[in-house]
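Worksheet: the structure to be examined is printed underneath.
The values are calculated or read from the model by the stated rules, or taken from the named source; none is laboratory data. Since the structure is predicted, the reported quantities are computational estimates derived from the model, not experimental observations. Because the Cβ atoms are built from the backbone with ideal geometry, glycine has one as well, and the counts that use them run over all protein chains shown. Protein only, heavy atoms only, side chains kept; ligands, DNA and RNA dropped before computing areas. Shrake-Rupley method; radii C 1.70, N 1.55, O 1.52, S 1.80 Å.
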Amino acid sequence: MLIAHDLDEPCPRCGVAGKYGNVNIDRNILRRGCNHCRQWTRYSLPEVRKKIIYLDQFFLSHAFRAQEKPFVDAAHRIEDMAARQLIVCPYSSVHTKETHLWRHEQQENLFKFIKQTARGHKFSDDFEIKRLQLQRAFAAFRTNGDVIQLVDESEVFAGEIHSWDDYFWLDMRPILGNIEAMRQGKTDAIATLVTLFPDWAQLTTSYEEDMEIEAEGYGRSLIDQYLEMWSKLARGNLMAYMDAPIDVMYVESLMHYDEDTMQMDERLARIADFFVSPHFKMIPHLRISCGIFAMLRRRVKEGAYTNQNTARKKLSGLFYDSNCISIFGPYCDAIFVDKVMKQWCDFPQARVLAPYRTQIFSVLDWDGFHGYLDQIEENYTDEMRDAITLAYPDYEPMNEPGN
Ligand SMILES: [Zn+2]
């Protein structure tokens, strides 16, 4: 058997030293084994309920560069608390994409750092989470079910997130797609967005109306992209399906419902109705991102972002920030995000993460963030402390500040 951690103590069964140690942890069962007598011992560890914290790319890249003390201190604390099974900071497909868009020789080391901070825990792909929420809303729309959709963290992690970390985790190779195209897409999306600002500045719509406009615009773009793919296919472009933007897959997935009993045009018309329904507008990720973009519209109306060059730079991370907040935020206990994003999310009319009780932190409030971590520390019992020593013999407590 492979012993992950050799122990100094002799095997309690055969008494031989140097062949006994921790083998693995499965959920909350620690297994120790002896390579001399081949006996196993099982230890039951206390149940854990970790706080799930999303650290955005900005936080992680600053922690990785280790040049600014507040980031270094917070990152050390996070590493220590994650080692003690109090918190977990899973990484996401948004981290993977953003890291690989970064043109830097340290790119792979940053990615390694992000995975280490997460101790291998990872969210499902952003596309999968969006599709799941969309399909659930569509199912409710078809049956006149609930408009409000509950989210459950068990649906976005591959394994049990509230279990003791094993010694080894599977490091999966990321599926990246075309990085150059993604870079270009990011630049183009912001450039296009900024050209809308002069028109937005003239509008007198309310925040709530802007949210509606954003949601309807998204629904329309999904239908348009789907129809465009079909018109290309009809003109004989056989690659149209393969080349279509990933958004097309959302409509495609809804077209499969009632395939046997409804004609294609009926199904498409029903999807178009769904896209203007409350069921659609209340999809968790969509409602949050519409709230964020309605805040952007509000800022533009107030006279912000008038210089298009500056606006492009300032908003370069907007789509990624909005994705991480809207897609992963509802599944987290806390998120650490860009300071402007935090201001927008906290705006009284927006309060986009309030229904999920997700706490939002940014660099503007390090004390608040540490205060939040202090509260979590209160759950660290003596029983947990003893179990940590048992499970992770190499664990060394972090120096308390001031010691
Ligand atoms: Zn033994």
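Selection within the stretch 28-60: residues that are more than 16 Å from the ligand (Cβ to nearest atom) and loosely packed, with under 15 Cβ neighbours inside 10 Å. The member of this set that is nearest to MET384 (Cα to Cα) is PRO46. Looking only at residues in the stretch 1-20 that are more than 9 Å from the ligand (Cβ to nearest atom) and free of Cβ contacts under 8 Å to residues at least 60 places away in the same chain, the one that is least open to solvent (accessible area, probe 1.4 Å) is ILE3. With respect to being modelled with pLDDT of 95 or more, more than 30 Å from ILE87 (Cα to Cα) and part of a helix (DSSP H, G or I), LEU254 fits the description. Going through (1) surrounded by fewer than 22 Cβ atoms within 10 Å (Cβ to Cβ); (2) out of contact with any helix residue (DSSP H, G or I) (no Cβ under 6 Å at 6 or more places or on another chain) one by one, CYS345 falls short only on (1).
Residue pairs whose Cβ atoms lie under 6 Å apart, sitting 6 or more positions apart in sequence or on different chains, and linking a residue in the stretch 285-310 that is open to solvent by less than 20 Å² (accessible area, probe 1.4 Å) to a partner that is of a type in the set (Ser, Thr, Tyr) and assigned to a helix (DSSP H, G or I), are HIS285/SER326; ILE288/SER326; ILE292/SER322; ALA294/TYR207.
Summed over the stretch 49-82, residues that are small (Gly, Ala, Ser) and in contact with a Phe, Trp or Tyr (Cβ under 6 Å, 6 or more places away or on another chain) total 1. In the stretch 200-228, how many residues are within 25 Å of the chain's Cα centre (by Cα) and among the acidic types (Asp, Glu)? Summing the residues that are within 25 Å of the chain's Cα centre (by Cα) and among the acidic types (Asp, Glu) in the stretch 200-228 gives 3.
Whenever a residue of the stretch 353-380 is closer than 24 Å to GLN57 by Cβ, its partners that are open to solvent by 50 Å² or more (accessible area, probe 1.4 Å), lying with C-beta atoms within less than 6 angstrom and at least six residues away or across chains, give the pairs SER362/LYS339; VAL363/LYS339; LEU364/LYS339; TRP366/PRO70; ILE376/LYS51. Within the stretch 184-201, work out how many residues are exposed (fewer than 15 other Cβ atoms within 10 Å of the Cβ) and touching a Gly at 6+ places or on another chain (Cβ under 9 Å). The number of residues fulfilling the criteria is 0.
On inspection, GLU79 fails the criterion of being more than 14 Å from the ligand (Cβ to nearest atom), touching a helix residue (DSSP H, G or I) at 6+ places or on another chain (Cβ under 9 Å) and over 21 Å from ASP333 (Cα atoms). For the stretch 157-183, filtered to residues that are charged (D, E, K, R) and free of Cβ contacts under 8 Å to residues at least 40 places away in the same chain, the residue that is most open to solvent (accessible area, probe 1.4 Å) is ARG173. Looking at the stretch 130-163, which of its residues are touching a Ser or Thr at 6+ places or on another chain (Cβ under 9 Å) and farther than 16 Å from PHE280 by Cβ? Within the stretch 130-163, GLU155, VAL156, PHE157, ALA158, GLU160, ILE161 qualify. The residues of the stretch 268-323 that are assigned to a helix (DSSP H, G or I), under 30 Å from LEU55 (Cα atoms) and aromatic (Phe, Trp, Tyr), listed by number, are PHE280, PHE293, PHE319, TYR320. Scoring GLU396 on the criteria (1) at pLDDT below 95; (2) over 30 Å from ASN28 (Cβ atoms) leaves a single failure, condition (2).
Within the stretch 166-203, the residues that satisfy the criterion of being over 30 Å from ARG32 (Cβ atoms) and part of a loop (DSSP other than H, G, I, E, B) are ARG173, PRO174, ILE175, LEU176, GLY177, ASN178, LEU196, LEU203. Residue check: GLU153 meets all listed conditions (1) out of contact with any Cys (no Cβ under 9 Å at 6 or more places or on another chain); (2) open to solvent by 40 Å² or more (accessible area, probe 1.4 Å); (3) acidic (Asp, Glu) but one, namely (1).
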